1. Just to be sure before I move on: is residue 284 modelled with pLDDT under 90 and away from ligand 2 (no atom under 13 Å from the Cβ) in the structure I sent?
2. Within region 45-72, can you find the residues that are assigned to a loop (DSSP other than H, G, I, E, B), under 19 Å from residue 98 (Cβ atoms) and out of contact with any strand residue (DSSP E or B) (no Cβ under 8 Å at 6 or more places or on another chain)?
3. Exactly one of these conditions fails for residue 248: (1) within 16 Å of ligand 2 (Cβ to nearest atom); (2) touching a helix residue (DSSP H, G or I) at 6+ places or on another chain (Cβ under 7 Å); (3) in contact (Cβ under 8 Å) with a residue 60 or more places away in the chain. Give me its number.
4. Being in contact with a helix residue (DSSP H, G or I) (Cβ under 9 Å, 6 or more places away or on another chain) and either within 15 Å of ligand 2 (Cβ to nearest atom) or assigned by TED's automatic domain parsing to the domain that holds residue 386 (or both) narrows it down to one residue among 279, 223, 218; which is it?
5. State yes or no: is residue 364 over 29 Å from residue 447 (Cα atoms), within 16 Å of ligand 1 (Cβ to nearest atom), modelled with pLDDT of 90 or more and touching a strand residue (DSSP E or B) at 6+ places or on another chain (Cβ under 8 Å)?
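The values are calculated or read from the model by the stated rules, or taken from the named source; none is laboratory data. Computed from a prediction, not measured in an experiment: that's the story for all the values here. Neighbour counts are summed over all protein chains in view; Cβ atoms, including those assigned to glycine, are modelled from backbone coordinates with ideal geometry.
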Ligand SMILES: Nc1nc2c(ncn2[C@@H]2O[C@H](COP(=O)(O)OP(=O)(O)OP(=O)(O)O)[C@@H](O)[C@H]2O)c(=O)[nH]1
Ligand SMILES: [Mg+2]
């Protein structure tokens, strides 16, 4: 199997949705730059096979079967050998882009792929724009727009959960959910339009209860998809966990323990950390972005004061706050007030951490105001990760409650989609309102059509060039 062959819907063609794809032949290096055993240079377009054949010494690629691989040499424009390669030919329409494709697997590194690309361009190909291969796949009906966007998400996946979600989107499961909803709304439209047709003959309106049920279902589904966006953000960008507390509480020690390396400077001098320090760790498939901050206190030191200001700023943007205090010192009044304020105003999940457990005799007293609480020794946690188990479990419970068993096909990760889903939900609610007030008919159908339009914009049934340019320009070249 090659990369092209493994894309979804290889043999199954969707109807092309918009204008025709480009008619020239594009080429690009599809793999990352730098030293590697292998690299892939791709060509797609009507002349892909003849361009590749013109600089290939081996079988005549113009006469080989589709989906066959051939060993040979790629030659430079002066006939010099560039590299010993495998060229795989996919003929339209059974290819990833729906056009003729040739994939040349060559040796990696700085030279072979670049020289091969140069030779292909010399023989008539053009350098591909970012995302142009995927754009052609979309324009040729190989995938819908949501799937094409999932290609970029998959490439950028930063945790196994975001990988799972984007793969599910790429496989079209999310598109299927939207497709089913679309079918239901179409059925609704048909219902109502039938009623309009027959009003003169005084035909009783079809099946009102069924109409209501279908609309309620559409409402639920759209609202659920929208609600998943928050989860989608966590999946896509990771969970921002900010570590806050007084100077010397052991925040930097805890950061180092959580990420398993000496990321932040630890010292016995209060006020060591100034700038916010970030480090990532994947836990249970989810990306966590831990942020260590300057200890919170009043200070006359200008630099430290700026650090404290930044710490507050980080806390404002947190998904979860780990509030660390020294068990031997306990929480002071101002801290208790601070925690109360954050809980009241920001609705930010907080886990309270009593640190330096090794320095106190008695286990700490129970938590403050029902905040989840753990006592531990961050210092010991650096040597023995078991020390952090309770904290990690609490953290996962806090963030991942909604994620456990998350149906990857129902998670919205894309802001563009969210906008369209919001509009679709607004339209469905307007239709429900119309139905409640007995206003079925023309206006009602307009609302349903508006909802259909919004869903179509997500999968690309309805789109325009600007939107496409915006989407595909964010891709890397060669994809
Ligand atoms: N005994 C003991 N000492 C600890 C523990 N965790 C941290 N320390 C010590 O406490 C001191 C302060 O630790 P840091 O991690 O630098 O504290 P911080 O909260 O980042 O401090 P600032 O950056 O100044 O705000 C250091 O001397 C650490 O070695 C612990 O679990 N037990
Ligand atoms: Mg510190």
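1. Yes: the conditions hold for residue 284.
2. Scanning region 45-72 gives 46, 47.
3. Among (1) within 16 Å of ligand 2 (Cβ to nearest atom); (2) touching a helix residue (DSSP H, G or I) at 6+ places or on another chain (Cβ under 7 Å); (3) in contact (Cβ under 8 Å) with a residue 60 or more places away in the chain, the lone unmet condition for residue 248 is (2).
4. One residue alone meets the criteria, 279.
5. So residue 364 does not fit the description; no.
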